[in-house]
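The values are calculated or read from the model by the stated rules, or taken from the named source; none is laboratory data. Since the model is a prediction, treat every value here as computed from it, not as a measurement. Here the Cβ positions follow ideal geometry from the backbone for every residue, glycine too, while neighbour counts run over all protein chains shown. With ligands, DNA and RNA removed, areas are computed over all heavy atoms of the protein, side chains included. Shrake-Rupley method; radii C 1.70, N 1.55, O 1.52, S 1.80 Å.
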Amino acid sequence: MILKNCVGLVTGASQGLGKAFAEALLKKEAKVVICDLNHAQGADTKAEFDERYGPGRTTFMACDVTSLPQMKDVFSETLQTFGRLDILCNNAGINNESSWEKTISVNLVALIQASYLALDHMRCDHGGHGGSIVNVASMSAFLPGAHCPVYTASKHGVLGFTRSLAEASRLGNYGIRINALCPSFVNTSILDTINHEEILGNFYQFKDGVKNLIKVFGVLEPSVIADSFVQLLEDDSLNGAVMKITTTKGVHFENY
């Protein structure tokens, strides 16, 4: 996929990984919809990108990704604003073991919901022109996490859904590539959740175990993950791929 002039929709894009993904697209001369629940941060991010890359390259749409009506509006407004949609990056995610239903809703249900909306607009067999979906999972999808069982389960679910939908796309000739991105520990706000008992709840007692893992494996910067995100988009041979990024092995793929 040549990213120049493509239109990408990135959820959770006002900060952290989502912001890095959005900026990576802008550097490739794509246009970006910044979708985020945080109004103030989203507006600030758009203003920052406008100054750096010029006005008209981005738009900010405030949205709760767990709300189907709001997400439908985002997709409709994207088409009204830019005339097309080529890329969906399901990046929005939380870690809250105390509100585990919300964690599942944001990390998995909303991701599925957005993916299906993207299919409605992009499927070649339904009159669309194809595209690419990148679902952000985690290395938690491969390892047990005593401090965050539900977060871990949600990321396992992301992988299962991504690989299965990619296979459906292949068999059904959707013309859409669907891949998963699985970074290790990244320097974003979600990493700080391990320090909060009100978030981890009964599993706060296991926080030291994950802190030791962080010391051993280190922390990646969002810009590193964004480079891998671009690789998933630009390599047309990848569909159903599970890309892993760690400090020790760099970028590598899970073999099933």
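For region 128-141, indicate whether the set of residues that are more than 18 Å from Cys35 (Cα to Cα) and in contact with a His (Cβ under 7 Å, 6 or more places away or on another chain) is non-empty. Within region 128-141, one or more residues are more than 18 Å from Cys35 (Cα to Cα) and in contact with a His (Cβ under 7 Å, 6 or more places away or on another chain). None of Ser98, Ser67, Ser115, Ser132 is farther than 23 Å from Asn5 by Cα, touching a residue at least 24 places away in the same chain (Cβ under 8 Å) and small (Gly, Ala, Ser) except Ser98. Scanning region 129-153 for residues being open to solvent by less than 20 Å² (accessible area, probe 1.4 Å) and more than 13 Å from the chain's Cα centre (by Cα) gives a total of 6. If only residues of region 128-153 that are within 22 Å of Ser228 (Cα to Cα) and part of a loop (DSSP other than H, G, I, E, B) are counted, the one that is modelled with the lowest pLDDT is Leu143. So is Leu26 buried (at least 23 other Cβ atoms within 10 Å of the Cβ) and in a helix (DSSP H, G or I) or not? No; evaluated as a whole, the condition is false for this residue. Here the condition is being among the β-branched types (Val, Ile, Thr) and more than 18 Å from Ala141 (Cα to Cα); of Ile214, Ile176, it holds for Ile176 alone. Take Ser14 and decide whether it is part of a helix (DSSP H, G or I) and buried (at least 17 other Cβ atoms within 10 Å of the Cβ). So Ser14 does not fit the description; no. Going by what's in this entry, would Phe21 be described as of a type outside the set (A, V, I, L, M), within 18 Å of the chain's Cα centre (by Cα), under 30 Å from Ala146 (Cα atoms) and buried (at least 17 other Cβ atoms within 10 Å of the Cβ)? Yes: the conditions hold for Phe21.
Of the helices (runs of 4 or more DSSP H) lying entirely inside region 61-127, the ones with 3 or more residues being open to solvent by less than 60 Å² (accessible area, probe 1.4 Å), within 13 Å of Cys35 (Cβ to Cβ) and at pLDDT 95 or above are found at 68-82, 110-122. In the condition set (1) under 18 Å from Glu254 (Cβ atoms); (2) at pLDDT below 95; (3) not hydrophobic (A, V, I, L, M, F, W, C), Arg177 is compliant with all but (2).
Checking each residue in region 40-52 for being over 20 Å from Arg84 (Cα atoms) and either in contact (Cβ under 8 Å) with a residue 12 or more places away in the chain or among the charged types (D, E, K, R) (or both) picks out Gln41, Gly42, Ala43, Asp44, Thr45, Glu48, Phe49, Asp50, Glu51, Arg52.
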